[in-house]
1. Given an 8 Å cut-off on Cα distances and at least 6 residues of separation, report the relative contact order of the range 96-214 as a percent.
2. If the chain between Ser261 and Asn305 were fully stretched, how many nm would it gain, using 0.36 nm times the residue separation less the Cα-Cα distance?
3. Set the Förster radius R0 to 25 Å, insert the Cβ-Cβ distance between Ser391 and Asn164 as r into 1/(1 + (r/R0)^6), and round the FRET efficiency to 0.05.
4. Can you figure out the FRET efficiency of Ser370 with Glu157, using R₀ = 41 Å and their beta-carbon distance, to the nearest 0.05?
5. Divide by every residue of the chain the summed helix terms, -39500 (n - 2.57) for each DSSP H run of at least 4, and state the resulting mean residue ellipticity at 222 nm, rounded to the nearest 500 deg cm²/dmol.
6. Starting from the Cα of Glu56, step 7 Å along the direction of its Cβ; do the same at Ile332; then give the gap between the two resulting points in nm.
7. Ala450 versus Ala91, label points 7 Å from Cα toward the beta carbon: distance in nm?
8. How much FRET efficiency would the formula 1/(1 + (r/R0)^6) give for Glu414 and Val142, where r is the Cβ-Cβ distance and R0 is 51 Å, rounded to 0.05?
Amino acid sequence: MSTYKPTIGIEVHAELNTKSKMFCSCKNDPHSSQPNTNICAVCLAHPGTLPRVNSEAIKKVLILGKAINGEIADFSEFDRKQYFYPDIPKAYQLSQYAYPFVKGGKLAGVEITRVHLEEDTARSAHTNANDTELNASGHSAVDFNRAGVPLMELVTEPVIHDANTASDFVKELQLLLRTLGISEANMEKGEMRVEANISISATDQLGTKVEVKNLNSFKAMAQAIDFEISRQAEMLDKNMPIKQETRGWDENKSRTFSQRSKEKADEYRYFPDPDIPKFKISEISSFGPESLSSAIRDTPENIRNKYRDIGLTEIQTETLLLNPALRSFFEIGFADIQSEVKGEEARMAANYLTSDVLGLLSTKDETSLSTEAVAGFVKLIVMLQKGEIGSRVAKDLLPQVLFDLKDPEIIAKEQGLLQLSSSDDLKAVIDNVIENNPKVVDDYKAGKEASVQYLVGQAMKETKGSANPAVLLTLFKEALK
Ligand SMILES: [Zn+2]
């Protein structure tokens, strides 16, 4: 097989989490369990109705543009993209062609071509002859709850050359959309959908590009890209031409399949929508640079820098980024802390949050971590750092502090769990353990040094983990001299 260089461009559609739809005041809730409940004459395209633009949606696209250092358009407009399909009630989709809201920009090292805004389509469901779900066989049904939901489309330059980079890019975009509060971007719910344009070439010229649609998970995207690269290489090896087409991804067979030949832009007969006013962005104050900057509280990049300065590890930082509930918990309790002593507490807190707390949450739902528990958690970390409790006790107290909102100081006292560090506190325990373990004591005295660890373990058990193991070790060594 000859060697070919793959080139990949990515297109991502993401539903924006605005309150209402893009061109009417219907609730933006495409997942509503009852079909056709969030609909009106506008999003059903009844004759004589007129669109009204949702400025919240435009602002969200501009915020994203700012966050990726894109160029915010000064002039913009919406175009009609004509195509006939049952899930497009108007027989055209309102989208943007010549004047997208954002041009250029960069994310995770990948150059962005543009970001534009359009409306989502309705959702259709097809039954086969044996299907009884719709109470009828061989029917198609359309749910218009999704019709008119604001949908942003981000297109990258063809600058990616392997599946991993493509996957990393889309993950970073998902994280950015969520951190900016623009979109929930769940791929499995269809809130974020990915298409990959893939070509291969043995020369510096780009090859014929094939578009793969319906990639609804990171895994599907990576597999589809790898599959296409091999499929196209086999074709070229056999001197067969690659057809410019749109292909789907078959999850079960792990392969792409031909759907249709690719439409060219002119087949959509784009033209500016005459019912929607043009935008002179610089004349709209809520779209101005200050307004956009102040709407960006955090980006994944800012958060990474901040956490690096506090001294968190990369794994801790990424875990917090991927778990918004844990991150807000951390932010409230610790992230404002700058001094070195407090920095130690912040690192300790991040460690507990990304290991023990994450583990505890795996059996609960996200909402079980209430911000009311932050104060107790901070206290627990301070007690731990001062050596008032040991790490084993801290782990035991954690669920009570987090989920029952108990005060760790009070329960530690009540249950006799405050760490015993003074030799007076521990003398009786040491004597007792020595008396009950004569064989181990003999071993130690005969030179088997490791035996002392067993004695420390017994003493920890006797004190229900409340003793300081380092202090115990010293005391045992002294007692057995
Ligand atoms: Zn509507």
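Read the figures in this text as sums done on the coordinates, not as results from a lab. All values derive from a computational prediction rather than experimental measurement. Neighbour counts run over all protein chains shown; Cβ positions are idealised from the backbone, glycine included.
1. The value is 19 percent.
2. Values: separation 44, 0.36 × 44 = 15.84 nm, distance 4.56 nm.
Answer, rounded to one decimal: 11.3 nm.
3. On the way: r = 37 Å, r/R0 = 1.49.
Using R0 = 25 Å, I get an efficiency of 0.10.
4. 0.40
5. On the way: 16 runs with 178 residues, N = 481.
Using -39500 (n - 2.57) per qualifying helix, the result is -11000 deg cm²/dmol.
6. 2.4
7. 8.3
8. Working: r = 62 Å, r/R0 = 1.21.
Computed FRET efficiency for Glu414 and Val142: 0.25.
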